[in-house]
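Okay, here's the structure, questions in a sec.
Every number in this text was worked out from the coordinates using simple rules, so none of it is lab data. Computed from a predicted structure; not experimentally measured. Neighbour counts run over all protein chains shown; Cβ positions are idealised from the backbone, glycine included.
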Amino acid sequence: MRKLFFTGLAALLLTATAAAQGKYASALIAEDMKKDAHVVIREEKIMFDVKSRDKALLKIHRVFTVLDEAGKDELFFYQFTDRFNSLEDVNIEVFDAKGKSVRSYSRSDLAREANPYELVPDGKVYYLNIPVPMLPATVRVDYEIKKNGLLNYPDYLPQETYQSVEHSEYFVKVPADLGLRYKTLNGLSKPVIDESDKKNISYTWTVSNMPVKEYEEGSGSFRNSFPRVMLSPNRFELDGYEGDMSSWKSLGLWYNDLVKTDNTLSPSFRSEILQLTAKAGSDKEKARLIYEFLQNNYRYVSIQLGIGGFKPFSADFVHRKKYGDCKALSNYMQACLSAVNIKSYSAWIKGDPLPNRIDPSFPKDDFNHQVLCIPFPGDTTWLECTSSTNDFGVLGAFTENRYGLLLTEQGGILVNTPKTRADDNHYSSFTKVMLNDDGSGKATATISSTGEFKSYFNAAAQGKKDEQKNFIVKHLEFIQPDAFEFKYVKGRPAAITDISLDLEKIPDFTAGSKFFLNPRIYKMWSTALPKSLERIEDYYLPYPQVLTDTTLYLLPDGFAMETLPKPRKLNFEYGSFASTYTYDADKKAITTTAKLVLNESMIPAARFAEAKKFFNDVLGEYQEKIVIKRL
């Protein structure tokens, strides 16, 4: 009886506490939902109601608790709008840790401005950095988006990194004659399907009590491995253009209908291109001349006017204005090639520094970029038309080794873009370091760069003096200079950069009469792979690459070499590293060399431990010291 009494009393106290605190009190969150979480999704209800091929309503109700500072990004509400998506009612309410309402906001409280990512904006962004009294705090957000034109259906992603989910559900209703294609991924259960309404079919996905899922650093987008439902229409309509997405072929045919009147040059502009290529000895040389003409005379801007960012400006418009976005520049390049009877095709790509996977079995517009493909016989050439630095036929890490939707007259064809080779991204440096007897000195470095490295140096060359210094110290990781000079010469295939540095302190440290020098005055490699050796997901490095370095230390009078590190040779399945050290007593010169080759940017999870050891050893090599001493 005594035990029953106290059990009942505890239940009454818990009920009373909950009532006093309110249902959104952070104390009511179960401990397993708090473990490793920065944000807890308390309740979420998403309704996507498709009315027809081109009209739908998206309603979102979401309550979440931000537990600590690391979760504060969740407090930034923003929504992009354009002619096809309008933001309707917005209601935001803030609750303190005890679940007491402290402030509410409506649509009129949101800041509003033109889309900051577009030169010629076609819409607005609404946003609010939601103030909270202290953490933990809870926020309820309710809003509606009216869609007047449909190409994509919103995916369901109930969970992101460092989030736990108490309850979430996604309700989708579509007309029965349109149907719905969906694919559940990474552990989500199948939907409950209701066909009782003869005119509509509804689908409901539900998630409850989902603890934090660990995101494995370096595994690409969390979308690759977190619970997800992909949705896609069969038939759709955007700005009066009807389309079919039930196959990649039909999606490509829809795009062809958009651009069929816009990818030809007027006779006067066509004659300019003919004159430009008149002396070229082959079609490939013609294509190269046109591409370099594009790079030298046109610039990339983000323009999302018109049909949802899909219909490009005409080739004549780009020729006159000398700018365009990815689709406009690709469309213009295609028109120029057509003027000299060279066939080419635009291709949609999912561009990202780390791959965000396209599912070849599920036709869906999950692309964000456009490039151009020239199918020369036996030598297919790909062009990144937005880049002023990429060499002809080199896409770069943003779009290499991805699925692309080739847009042909027969429709869309899913193909693979080329895989970047290590030699495509080459960084080679020669540095001469003139030491003074007080440890100060001067260094001059000549750096040859290709591929991704060249694009970094090109961007730095366009920057201001303080930005260049930041590039030298933070990106290249040279010793902080007192003064420097930065000279860049654009070249093909390699660009050449000369850097001169005045350095107050070159030795890593000194002890009595001895100077302890690093193998190089910059860190050739500084990326430490994640600590955990057991992975589920593959690990991605930015791109295959080759790094080579020669450093020449010229010793001051009265100094001599005492100790040199031993040479290193390291290998693993996807790369290698080698270093050497020599001393010329007559010239009082120490020469160090190093070469790092990374042949693959994707390390399979099963080989991660091997890769981690390799890179740890590379980092360890830099910790070795050259010791010189005062005589």
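With only Lys, Arg, Asp and Glu charged, each at its Cβ (+1 for the first two, -1 for the last two), find how big the charge dipole of the chain is about the Cα centre; round to the nearest 20 debye. List each step's numbers first, then the result.
Numbers: 81 positive and 82 negative charges, 15 e Å.
In total the dipole reaches around 80 debye.
Here's something else I'd like to know. Could you state the per residue volume, in Å³, of the convex hull enclosing the Cα atoms of region 63-157? Don't skip to the answer; put the middle values down first.
Working: hull volume 11.2 nm³, N = 95.
Once divided by residue count, the hull of region 63-157 is 118 Å³.
Follow-up question, since we're still on this one. I want the antiparallel fraction of DSSP beta bridges within the chain, as a percent rounded to 5. Before the final figure, lay out the partial values.
Values: 155 of 176 bridges.
So the antiparallel bridges amount to about 90 percent of the total.
If you don't mind, there's one more thing I want to ask. Report, in whole Å, the centroid distance computed from the Cα atoms of region 391-432 and region 164-219.
For region 391-432 versus region 164-219, the Cα centre distance is 35 Å.
Work out the length of the dipole vector of region 247-419 about its Cα centre, built from +1 on the beta-carbon of each Lys and Arg and -1 on the beta-carbon of each Asp and Glu, and round it to the nearest 20 debye.
Magnitude of the dipole: close to 200 debye.
Follow-up question, since we're still on this one. Taking region 461-564, which GluC sites (Glu not before Pro) meet the DSSP loop condition and have no more than 11 other C-beta atoms within 10 Å?
Glu534
Antiparallel versus total DSSP beta bridges in region 247-419: what percent is that, nearest 5? Numbers along the way, then the final one.
Numbers: 19 of 21 bridges.
Counting only bridges with both partners in region 247-419, antiparallel ones make up about 90 percent.
With P(r) over Cα pairs in 10 Å bins from 0, in percent defined as stated, name the option among (i) 3, 12, 19, 21, 20, 14, 7, 3, 1, 0, 0; (ii) 3, 16, 25, 24, 16, 9, 5, 2, 0; (iii) 3, 15, 26, 27, 19, 8, 2, 0 computed from the structure displayed.
So the structure-derived entry is (i).
Taking only DSSP H segments of four or more residues, each worth -39500 (n - 2.57), what value at 222 nm results for the chain once the sum is divided by all its residues, to the nearest 500 deg cm²/dmol?
About -5500 deg cm²/dmol.
Shifting gears a bit: Treating only the Cβ atoms of Lys and Arg (+1) and Asp and Glu (-1) as charged, compute the dipole magnitude of region 22-237 about its Cα centre; round to the nearest 20 debye.
660
Between region 603-624 and region 492-539, what is the C-alpha centre distance in whole Å?
15
Now, a different point. Across the chain, where is the longest run that never hits trypsin sites (Lys or Arg not before Pro) in a DSSP loop with at most 11 other C-beta atoms within 10 Å?
It runs 36-197.
Cross-link candidates for Lys514: which lysines have Cα within less than 29 Å, leaving aside residues fewer than 8 places away along the same chain?
Reachable lysines: Lys432, Lys442, Lys474, Lys505, Lys523, Lys566, Lys569, Lys587, Lys588, Lys595, Lys625, Lys629.
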